[in-house]
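The structure appears right after this line, and notes come after that.
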Amino acid sequence: MKTKVKELRSAAGLTQQQLADLVHVSARTIISIEKEQYKPSLMLAYRMAKIFRTTVEDLCCLEENKRKEDEAYEKL
């Protein structure tokens, strides 16, 4: 799942470890989210959105991800 975590983290001047510490997860979790290998839980997404002063919808690119998922289902 695409997110804006890496973009927002970099703009905020935070390392992966610093963000991980702020949201109570491992740096590996942040790395996996940034590589689109892991979907954050709703609570984790909410915590990150609060840090970056954005919405969960924006942080997780929900419109774009929904559109891609809908297109995939239409091809079935």
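The values are calculated or read from the model by the stated rules, or taken from the named source; none is laboratory data. Here the structure is a predicted model, which is why all the values come from computation and not from measurement. Cβ sites come from the backbone with ideal geometry, for glycine too, and all protein chains shown count toward neighbours. Just so you know, the surface numbers come from the protein's heavy atoms only, side chains and all, with ligands and any DNA or RNA stripped out. Shrake-Rupley method; radii C 1.70, N 1.55, O 1.52, S 1.80 Å.
Over 25 Å apart at the Cα level, from the set LYS6/LYS39; LYS39/LYS68; LYS6/LYS75, are LYS6/LYS75. For the chain, a simple Cβ point-charge model (Lys and Arg +1, Asp and Glu -1, everything else neutral) yields a dipole of about 280 debye relative to the Cα centre. Accessible surface for the chain, divided over its residues, is 70 Å² per residue with a 1.4 Å probe. Taking MET1, MET48, MET43 and ordering them by how much accessible surface each has at a 1.4 Å probe, largest first, produces MET43, MET1, MET48. For the chain, the fraction of 1.4 Å probe accessible surface lying on carbon and sulfur atoms is 51 percent. Give the aspartates and glutamates whose C-alpha is closer than 16 Å to that of LYS35, dropping any in the same chain fewer than 8 places away, or say none. LYS35 reaches GLU7.
Taking a straight line from the alpha carbon of LYS66, these aspartates and glutamates sit under 19 Å away, with near neighbours fewer than eight places off in the same chain left out: GLU34, GLU36, GLU57, ASP58, GLU74.
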